[in-house]
Amino acid sequence: MKYFKLVVFFLWLMFMSAIVYAQTAVNVSNGQKQWESMSKAQKQELSKAFKKWQSLPEDRRGKIIQNYMLFKSLSKDEQKRIIKEYKHFQNLPEDKKRLVMDNYQRWKSMPSAKRQIILRNYKIYQSLSPREKEALRRQYLKWKGITPAQRERIKELIRNRKLKKE
């Protein structure tokens, strides 16, 4: 479950990065009036962001604008939640950020069928009561504490039971 949450969080992070770039593009396209009303520091920051925007491939910019439009279509509460989580990510230590990004890459490279199984199991987990979640956690810790040979033996016993039932 922790792996899934990290993957989801990283997907969200990628979405937020896209929003920042798209906001820059929209601000630049609004024209001279906004530019003239900005402070020198704001102009420097915007110029820097615009140069970064221009260096992106056209298809990437299109995707960013698409994500920005999706973000703007969300409710204000949802936008606030996303921004809050983005800021939380920004404050994570580098090793934690790296873990999130690595998990995201693993998630992306996973076959779609496997991702669907994980999502389905996550939904099932979310529907459990706190008591059931705790029992599952204890069971997981037991499983984690046994040797690979013991795990294989248990799996074999389970397979044999299933075959006998058929």
Candidate set from the stretch 71-113 (those that are hydrophobic (A, V, I, L, M, F, W, C) and touching a residue at least 12 places away in the same chain (Cβ under 8 Å)); member that is surrounded by the most Cβ atoms within 10 Å (Cβ to Cβ): Val100
Given (1) farther than 30 Å from Trp35 by Cβ; (2) free of Cβ contacts under 8 Å to residues at least 40 places away in the same chain; (3) of a type outside the set (Ser, Thr, Tyr); (4) assigned to a helix (DSSP H, G or I), index of the condition Leu128 fails: (4)
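For every residue, the table says whether it meets (1) within 29 Å of Lys108 (Cβ to Cβ); (2) assigned to a loop (DSSP other than H, G, I, E, B); (3) over 28 Å from the mean Cα position of the chain (by Cα); (4) free of Cβ contacts under 8 Å to residues at least 60 places away in the same chain.
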{"position": "Tyr122", "(1), (2), (3), (4)": "yes, no, no, no"}
{"position": "Arg138", "(1), (2), (3), (4)": "no, no, no, yes"}
{"position": "Ile146", "(1), (2), (3), (4)": "no, yes, yes, yes"}
{"position": "Gln150", "(1), (2), (3), (4)": "no, no, yes, yes"}
{"position": "Lys155", "(1), (2), (3), (4)": "yes, no, yes, yes"}
{"position": "Asn160", "(1), (2), (3), (4)": "no, no, yes, yes"}
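Rule-based calculations on the coordinates, nothing more; no lab input. The structure presented is a predicted model; accordingly, all values stated were derived computationally and were not measured. We place every Cβ from the backbone using ideal geometry, glycine too, and count neighbours over all the protein chains shown.
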